[in-house]
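The structure appears right after this line, and notes come after that.
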Amino acid sequence: MNLQTFKDRLFAFGSEHGFADMELAYVREEKFACSLFETEIDSYNTSETYGIAFRGLFKGKMGSAFTEKMDEDSVTYLIQEAKENAEVIESDEPEEIFPGSQFYKQPDFFSEKLAQVSIVDKIALLKSTEPFVFEADKRVTAIETFVIQSSEVERGLLNSKGLSLNERKNDFLIALSVVVKENNQIKNGFIVKSTQDFSDLVPEQLARAAVEDGISQLDAKSLKSGDYPVVIRHDAAALLLTAYSSIFSAENVQKGQSLLKDKEGKSIASPLVSIIDDPFEKQGLACRSFDDEGVATSYREIVSSGTLKTLLYNLQTAKKADRQSTGHGYKSSYNSSPEIAPTNFFIIPSEGEGNLVAKVEEGILITGLSGLHSGANTISGDFSLAASGLFIEGGVVKHAIKQMTIAGNFFELLKKIEAVGSDLEFCFIQMGGNCGSPSLLIKELAVTIE
């Protein structure tokens with residue numbers, strides 16, 4: 001049964017059983033992943049998944065059900081399951097099936113050129129990169145992780161109000177982690193790249209970047225603990241923004257789980273800071289022209305020169321706040337409920353800014369953060385995080401620093417940003433959306449050093 005026939009039968013059967021407005025959403029995803037270990041293929045996986053989600057209003061309550069098949073049995077199952085689901089819902093929160101936005105931008109997120117890259121060529125990239133890793137420096141002792149992953153995703157949404165949307169996208173990701181050793185010190189160097197242009201990935205450059213990251217951490221020395229000016233490198237800054245992106249969710253604000261309540265229109269950050277959500281930014285991984293409720297997405301200023309312009313809204317939170325959805329209704333999978341998440345969410349780089357390290361007389365360059373799940377409180381903004389980094393003296397990097405802990409408050413950190421770099425990078429860890437940041441110069445942070 002094709003999609004259109006399935007939708008027609010589903011909606012007709014739903015109407016016969018008392019459903020008013022109805023919606024069908026689907027996701028088809030093809031994935032390929034492969035890893036290399038000591039010149040041999042260590043793992044190799046291909047998968048294809050297809051999921052269908054049905055939502056419908058039954059006696060004013062939104063019932064939902066899910067299936068992986070498009071057949072007659074699934075039509076009956078979805079309607080009966082959604083009906084039973086609606087009958088036990090106790091929440092009085094109003095929900096609706098969205099009729100559609102006035103305009104949908106239609107960019108092409110799918111690269112035909114990337115789709116033509118064969119699995120043989122992808123594996124060849126792995127194998128051709130590995131020798132450069134060991135040639136880059138004699139202190140390299142091993143490759144810890146070396147994986148590639150490619151995906152093609154098609155998604156669509158149709159409803160009984162006449163809305164019909166679909167789009168597809170693809171991407172390719174490579175991640176390399178190397179082990180370097182000198183005397184008794186062992187460190188890891190890491191690089192991850194995502195692209196739609198396979199020719200961007202040059203084996204020697206990938207290997208050198210990962211090795212240099214590891215080498216830079218050797219010969220680490222201790223330093224007196226205290227408050228230091230800090231440059232948070234782009235990748236670490238992107239991780240920090242990822243951890244705190246949920247504070248911009250209207251749902252969390254309405255539940256009292258974010259300190260941004262009543263802050264729209266007010267200053268929350270340094271005037272140097274502007275944060276946007278751009279669903280069409282191809283450097284990110286979370287491109288989409290419509291959200292999972294059918295609302296058109298658009299480029300939005302979330303923070304403009306330090307002022308909070310808007311929170312992120314889905315239909316339900318927008319209705320509660322008596323305003324329009326910003327197109328941030330998001331489902332983590334086809335069989336989950338709509339929540340709120342950004343798309344490509346990032347701090348705007350400052351193109352005229354030079355090397356931030358050169359601005360620091362004595363301070364610390366943070367190159368890595370860990371413990372974000374347990375060490376970052378998204379309600380209070382307080383954080384205490386393990387960090388790796390380098391000592392800065394006279395505007396230049398001097399040496400690596402032993403294991404550190406940085407502590408502070410994210411809301412205060414936003415106000416202490418004294419310069420924004422030009423080196424925007426996305427962290428490629430998707431928690432609903434995909435966050436990115438350039439390097440940031442912070443006036444000072446509390447640093448405890450081993």
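State which stretch of the chain is the longest one without any exposed chymotrypsin sites (Phe, Trp or Tyr not before Pro), exposure meaning a DSSP loop state and at most 14 other Cβ atoms within 10 Å.
It works out to 104-298.
Given the options 276, 89, 191, state which has the largest fluctuation in a GNM of the chain using a 10 Å cut-off (strictly under) for Cα springs.
Top of the fluctuation ranking is 89.
For the stretch 31-163, what is the convex hull volume of the alpha-carbon atoms per residue, in Å³?
226 Å³
Tell me what the chain gives for mean residue ellipticity at 222 nm when only DSSP H runs of n ≥ 4 count, each as -39,500 (n - 2.57), the sum divided by the residue total, rounded to 500 deg cm²/dmol.
After summing the helix terms and dividing by the residues of the chain, the value is -6500 deg cm²/dmol.
Treat each spin label as a single point 7 Å out from the Cα along the C-beta direction, and report the residue 87 to residue 12 distance in nm.
With each label point 7 Å from Cα toward Cβ, the separation is 2.5 nm.
Largest first, what is the accessible-area ranking of 42, 137 with a 1.4 Å probe?
Final ranking, largest accessible area leading: 42, 137.
Quick one: dipole size for the stretch 59-167, taken about the Cα centre, charges +1 on Lys/Arg Cβ and -1 on Asp/Glu Cβ, in debye to the nearest 20.
500 debye
Please give the length that would be gained between residue 173 and residue 227 if that part of the chain were fully extended, namely 0.36 nm times their separation in residues minus their C-alpha to C-alpha distance (nm, one decimal).
Result for the pair: 15.7 nm of gain on full extension.
For the pair residue 44 and residue 71, what calculated FRET efficiency results from E = 1/(1 + (r/R0)^6), where r is the Cβ-Cβ distance and R0 = 41 Å, to the nearest 0.05?
Computed FRET efficiency for residue 71 and residue 44 comes out at 0.85.
Give the shape of the stretch 251-323 as rounded, prolate or oblate, defined through the alpha-carbon gyration tensor: a ≥ b ≥ c are the square roots of its eigenvalues, a/c under 1.5 means rounded, and otherwise the shape is prolate if a/b is larger than b/c and oblate if not.
Here the stretch 251-323 falls in the oblate category.
Normalised by the residues of the stretch 346-450, what does the relative contact order come to in percent, with Cα pairs under 8 Å and at least six apart?
Over the stretch 346-450, the number comes to 31 percent.
Largest first, what is the accessible-area ranking of 328, 234 with a 1.4 Å probe?
Largest accessible area first, the residues go 234, 328.
If all Cα-Cα distances of the stretch 242-395 are sorted into 10 Å bins from 0 onward, what percent lands in each bin, rounded to whole numbers?
Calculated P(r), rounded to whole percents: 10, 32, 36, 16, 5, 0.
Could you tell me the relative contact order of the stretch 152-296? Use alpha-carbon pairs under 8 Å, at least six residues apart, and round to a whole percent.
About 17 percent, as a whole number.
So, with +1 on the Cβ of K and R and -1 on the Cβ of D and E, and no other charges, what is the size of the charge dipole of the chain about its Cα centre, to the nearest 20 debye?
820 debye
At q = 0.14 Å⁻¹, what base-10 log of I(q)/I(0) does the Debye formula yield for the stretch 17-71 when every alpha carbon is treated as an equal point scatterer in vacuo?
The Cα Debye sum returns log10 ratios of -0.56.
Can you compute the equivalent ellipsoid semi-axes for the chain, i.e. the square root of 5 times each eigenvalue of the Cα gyration tensor, sorted largest first and rounded to whole Å?
Over the Cα atoms of the chain, the semi-axes work out to 42, 29, 17 Å.
Can you pull the three principal axis extents for the Cα set of the stretch 185-263, in Å, largest first?
Reported extents, whole Å, longest axis first: 50, 45, 20.
Considering only 165, 347, 102, whose Cα is most displaced toward the positive end of the charge dipole of the chain, charges sitting on Cβ of Lys, Arg (+1) and Asp, Glu (-1)?
After comparing all options, I get 347.
Under 8 Å for C-alpha pairs, at least 6 residues apart: give me the relative contact order for the chain, rounded to a whole percent.
After rounding, I find 16 percent.
Whole-Hz Karplus ³J(HN,Hα) for the stretch 112-127, in order, using 6.51 cos²θ - 1.76 cosθ + 1.60 and θ = phi - 60°, x for Gly and Pro?
Per-residue couplings from phi come out as 5, 5, 5, 4, 7, 5, 7, 4, 4, 5, 5, 5, 4, 4, 4, 5 Hz.
In the stretch 222-238, whose amide N lies under 13 Å from the spot 7 Å out along Cα-to-Cβ of residue 393? List them in ranges.
Residues 222-224 qualify, since their backbone N sits under 13 Å from the label point.
Give, rounded to the nearest 20 debye, the magnitude of the charge dipole that the stretch 149-289 has about its Cα centre when Lys and Arg contribute +1 at Cβ and Asp and Glu contribute -1 at Cβ.
420 debye
Specify whether the C-alpha gyration tensor of the stretch 54-102 places it in the rounded, prolate or oblate class, a ≥ b ≥ c being the square roots of the eigenvalues: rounded for a/c under 1.5, otherwise prolate if a/b is larger than b/c and oblate if not.
Note, shape of the stretch 54-102 comes out oblate.
Which of the aspartates and glutamates could be linked to residue 319 by a straight reach, that is with a Cα gap under 15 Å, when you skip same-chain ones fewer than 8 residues away?
92, 93, 95, 96, 251, 293, 339
What does the accessible area per residue of the stretch 149-289 come to in Å², with a 1.4 Å probe and no ligands, DNA or RNA counted?
For the stretch 149-289, the per-residue accessible area is 42 Å².
Take the Cα coordinates of the stretch 192-321, assign each an equal point scatterer, and use the Debye formula without solvent to give log10 I(q)/I(0) at q = 0.20 Å⁻¹.
Each listed q corresponds, in turn, to -1.27.
Residue 386 versus residue 255, label points 7 Å from Cα toward the beta carbon: distance in nm?
It works out to 2.9 nm between the two label points.
Would you please name the GluC sites (Glu not before Pro) within the stretch 272-331 that are DSSP coil residues with at most 14 other C-beta atoms within 10 Å of their C-beta?
Here no GluC sites (Glu not before Pro) fit, given the DSSP loop and packing criteria.
I want to check the label-to-label distance for residue 117 and residue 30. Put each point 7 Å from Cα in the C-beta direction and report it in nm to one decimal.
According to this spin-label approximation, the distance is 1.5 nm.
For the chain, build the charge dipole from Cβ charges (+1 Lys, Arg; -1 Asp, Glu) around the Cα centre, then report which of 124, 180, 77 sits farthest towards its positive end.
Selected residue: 180.
For the stretch 208-364, with the dipole built from +1 on Lys and Arg beta-carbon atoms and -1 on Asp and Glu ones, taken about the Cα centre, which of 252, 238, 280 lies farthest toward the positive end?
Of 252, 238, 280, it is 252.
The values are calculated or read from the model by the stated rules, or taken from the named source; none is laboratory data. Predicted model, so just to flag it, every value in this text is computed and none were measured. Here Cβ is always computed from backbone atoms with ideal geometry, including for glycine, and neighbour counts include all displayed protein chains. Heads up: the accessible areas ignore ligands, DNA and RNA and are worked out on the full protein's heavy atoms, side chains in. Shrake-Rupley method; radii C 1.70, N 1.55, O 1.52, S 1.80 Å.
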